[in-house]
Amino acid sequence: MKTPLLGIMALYMNNRKQLEERKFFAKLIAVGHKMGISAYVFTPEDVDGRQRQILAHCYDLNRGTWYRKTMPFPDVVFDRCRYQATPRFQQLRRFRAKYPNLLYMNRPMANKWAVYRDLREHDSIARYLPETELFQSVEQLKEFLDRKTSVYLKPINGTGGRGILRVEKLGPHQYLVQGRDAKRRILSAKKAGPLLLKQMLSDLCKEKKYLIQEGIDTRLSNGRVHDFRALVQKNGSGEWRLTGVAARIGPSGSVTSNLHGGGRAVRMDALLRSRFGKTSTVQEIQEDMEQLCLKVAKELNRKYGALCELALDIAVDRRAGVWLLEVNPKPAREVFARIGDKLTYLRAIRRPLEYALWLYRHKRS
């Protein structure tokens, strides 16, 4: 049987043509080689449509170095393109529109607001969703805070904790604002009255659309916030499976727990036991998380199609209630390496490759 050719599609981060996930891509290519898959990395900028060939980024497994080589179009495309507010993201859209008949195993998804609206239509999922609105005005935010103790303001296309603010109501005309700027830098907590709050939010939201999301109290006894990163993937039979879950704890003064923002990874079961003690409670939480992950994956796959993996950010409140904070269609997986879970980390790399093989054989037959 012909060796399938996998094209890992990414976007350059800058005009120097740097790729964000080269270490992950090298691992994919190495593991794929052992599985009988030939793989390379490319961006829409590297495509010569007239010759139907690609100036690809190839990885030399013996030397551990990258080189460029002209390659044919791939049999399967693993889309790892994350949203950018740049013309490069529009190049991705044009590539997918020009070559709709390529075999894609992942795709861009809608923004966070659209995904929230899709999921809230399903009662079995809606009960896990914090109350969320599209941010329109400071008055709307104040009314929201009359119902909820705290809220998070999130860019509808944001990733990695960039630009997220937490606003807490301290009194009738007093608010506490803290968060991260667009470069993930921690913004110190600041008290604000109505006028200062309006000014702060006007500066923040003048260029981007934001969500208001009900704040779930995820602070530990030391005051640091935490959440759980769940990775759900299709396996070698094209079926959704929960690959693993790990906990993330944010640094001091942070309102987010993202690893790229200074958070640290810990084992889920250890953190849950330290919070709730009872084995039965921990088991119930884990089962609830798994059911939620599979429901969300199947629903979004039905809605958008051509998905192969998703990361779900999940909160567990003080009453052991499970909440879905957001969904990431282009997940990293180093959280499992950070906690020393080598088996789950390897499975997280293998599963997209197993699914690529299944898709190649299934669609060709």
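Quick note: the coordinates plus some simple rules give every number you see, no bench work behind them. The structure presented is a predicted model; accordingly, all values stated were derived computationally and were not measured. Using ideal geometry, Cβ is built from the backbone for each residue, glycine included, and neighbour counts are taken over all protein chains shown.
Taking D227, D75, D203 in turn, the Gaussian network model of the chain (Cα-Cα springs below 10 Å) assigns the largest fluctuation to D203.
What residue among M289, M200, M105 shows peak mean-square fluctuation when the chain is described by a Gaussian network model with Cα springs under 10 Å? With Cα springs under 10 Å in the chain, the top fluctuation among M289, M200, M105 is at M200. Over the range 298-343, the pair-distance histogram of Cα-Cα distances with 5 Å bins from zero comes to 5, 17, 17, 20, 20, 15, 5, 0 percent, rounded to whole numbers. Excluding H226 itself, what net charge comes from residues whose Cβ is under 13 Å from its Cβ, given Lys and Arg +1 and Asp and Glu -1? Its environment carries a net charge of +4.
Working from the alpha-carbon coordinates of the range 51-154, get Rg over Rh, Rh being the Kirkwood radius.
When Rh is taken as the Kirkwood radius, the ratio is 1.16.
Placing +1 on the Cβ of every Lys and Arg and -1 on the Cβ of every Asp and Glu, with nothing else charged, gives the range 1-146 a dipole about its Cα centre of roughly 980 debye. With contacts taken as Cα pairs under 8 Å at a separation of at least 6 residues, the range 132-214 carries a relative contact order of 37 percent. Projecting the Cα atoms of L324, L359, A311 onto the charge dipole of the range 274-362, computed from C-beta unit charges around the Cα centre, puts L359 farthest toward the positive end. If the viscosity is 0.890 mPa s and the temperature 25 °C, what translational diffusion coefficient in µm²/s does Stokes-Einstein give for the range 5-104 when Rh comes from Kirkwood over Cα pairs? Approximately 178 µm²/s, per Stokes-Einstein. Here is the size of the range 267-346 from its Cα atoms: Rg then Dmax, 14.0, 40 Å.
Would you mind counting up the charge near E299? Only other residues with Cβ under 13 Å from its Cβ, with Lys and Arg at +1 and Asp and Glu at -1. Net charge around E299: +3. Answer with a single label: of (i) 17.1; (ii) 18.0; (iii) 19.5, which was calculated as mean projected area of the Cα convex hull in nm² from the structure in view? This structure yields the entry labelled (iii). Other residues lying with their Cβ under 12 Å from the Cβ of D146 contribute a combined charge of +2, Lys and Arg counting +1, Asp and Glu -1. Extension gain, V31-K363: 0.36 nm per intervening residue step, less the Cα-Cα distance, totals 117.3 nm. The distance from the alpha carbon centre of the range 43-69 to that of the range 322-365 is 24 Å, rounded to a whole number. Within the listed set Y12, Y355, Y40, the Gaussian network model of the chain (springs between alpha-carbon atoms below 10 Å) gives the highest mean-square fluctuation for Y12. For the set K2/K234; K112/K198; K27/K330, the pairs lying more than 19 angstrom apart at their alpha carbons are K2/K234; K112/K198.
Kirkwood hydrodynamic radius, computed over distinct alpha-carbon pairs, for the range 100-242: how many Å, to one decimal? Kirkwood radius, the range 100-242: 17.2 Å. Taking the charge dipole of the range 132-214 about its Cα centre, with +1 at Lys and Arg Cβ atoms and -1 at Asp and Glu Cβ atoms, the residue from I186, P172, T132 reaching farthest to the positive side is I186.
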